[in-house]
Amino acid sequence: MDKIATSQGTIAVLNKYDFIFRKKFGQNFLIDPHVLNKIIDSAAITKDDCVLEIGPGIGSVTEALIEHAGKVISVEIDNQLIPILEEQFGQAQNFKLIHNDILKVDLKELVNQESPGRKIKVVANLPYYITTPIIMALLEHELPIESITVMVQKEVADRLAAKPGNKQYGAITVSVNYYAKPYLVANVPRNCFMPRPNVDSAVLKLSLYDEPVVKVKNKEQFFRIIRAAFSQRRKTLLNTLAANGELHLSKEALKQVLDESGIGSVTRGETLSVEEFAKLSDCIDNF
Ligand code: SAM
């Protein structure tokens, strides 16, 4: 039998179950075993690991996870796929399938139940229409997660792994960098999927920090400043922040804070690192 993550293996499963792709669920199944190996290797999956998989599809990645991990929990939204996955992997002792929308699952409870006292790893070929909400939900809930290894649109991977000053660097980059260290594992061309998407992809690994990389006194304000700083690109940070009503500080006061923090008022927001945003947030807090 061919592995599922090959074109022959995928076609065999699709034909066997008369599967009809649902575009609205972002279904592009992985058909390249080399890419699959890269995902498993970069996630460093071992029998000690409990893995949460988001969107197993017909099981292209699931098959390898079941083989390598101690435990695999896969969450799939499409009811068509549930009997397919159950028939293929129902016998595996280390596999649990949950039929739900990942954004509706109580992840804290799930992780506590399935992996008490031990961090999990997340592995997924993510549905592209909700990539960012899924990644942010995993990070913001501060769950016991060691790493998140995901296939995403290349554009998203580049954005999340961008460095300050880079065109791709944005509010989402800073937010992700607060929780995790991003690493671009590999670029993946569109012909590695069935059906072939209109965009290229990339495997991105986020290694989560035990504690956020910087300490901030007021987390809400820190994220508010980040959003404000990127709301008008190419303007100075002073002008952008002053134009944003949410910070409730006069332009003069902001200028003083920016100068005192050492960031300076002619700097542009898109050049600031996560550490500098933290410093700015604390200086505004102390003002
Ligand atoms: N893992 C499979 C692979 O690599 O071939 C499928 C990946 S496909 C890009 C995305 C999968 O996520 C599909 O199976 C889709 O039905 C599922 N999905 C879409 N939205 C979801 C959601 N909100 N919650 C859980 N699964 C979802």
Computed helical MRE - 222 nm, the chain, DSSP H runs ≥ 4 contributing -39500 (n - 2.57), nearest 500: -11500 deg cm²/dmol
Total formal charge among the other residues, if their Cβ is under 13 angstrom from that of Lys3, Lys/Arg +1 and Asp/Glu -1: -4
Shape call, the range 22-79: gyration tensor on alpha carbons, a/c limit 1.5: oblate
Calculated FRET efficiency for the pair Asp41/Lys119, C-beta based, R₀ 22 Å, to 0.05: 0.70
Asn79-Asn191 FRET efficiency (beta carbon distance; Förster radius 25 Å; 0.05 resolution): 0.30
Two-site label geometry, Glu275 and Ser250: point separation in nm, points 7 Å out along Cα→Cβ: 3.4 nm
Cα gyration tensor shape of the range 219-286, rounded if a/c is under 1.5, else prolate or oblate by comparing a/b with b/c: rounded
Approximate spin-label separation Asp48-Glu87, in nm, with each point projected 7 Å along Cα-to-Cβ: 3.8 nm
Accessible surface, per residue, of the chain when the full set of protein chains is kept, probe 1.4 Å, Å²: 48 Å²
Global form of the range 7-208, assessed from the alpha-carbon gyration tensor, a/c cut-off 1.5: oblate
Sulfur and carbon atoms: percent of accessible area, the chain [1.4 Å]: 49 percent
Links that overshoot a 28 Å alpha carbon limit, given the list Lys108/Lys163; Lys38/Lys119; Lys119/Lys181; Lys24/Lys163; Lys154/Lys255: Lys108/Lys163; Lys24/Lys163; Lys154/Lys255
Distance between modelled label sites at Asn94 and Tyr17, nm, 7 Å Cα→Cβ extension: 2.2 nm
Share, in percent, of DSSP beta bridges within the range 7-208 that are antiparallel, nearest 5: 45 percent
Globularity index of the range 84-181, i.e. its alpha-carbon radius of gyration over 2.2 N^0.38 Å: 1.23
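The values are calculated or read from the model by the stated rules, or taken from the named source; none is laboratory data. Keep in mind the model is a prediction, meaning the values are calculated, not measured. In this analysis, Cβ positions are derived from the backbone assuming ideal geometry, glycine residues included, and neighbour counts consider all displayed protein chains. Heavy atoms of the whole protein, side chains included, go into the accessibility calculation; ligands, DNA and RNA do not. Shrake-Rupley method; radii C 1.70, N 1.55, O 1.52, S 1.80 Å.
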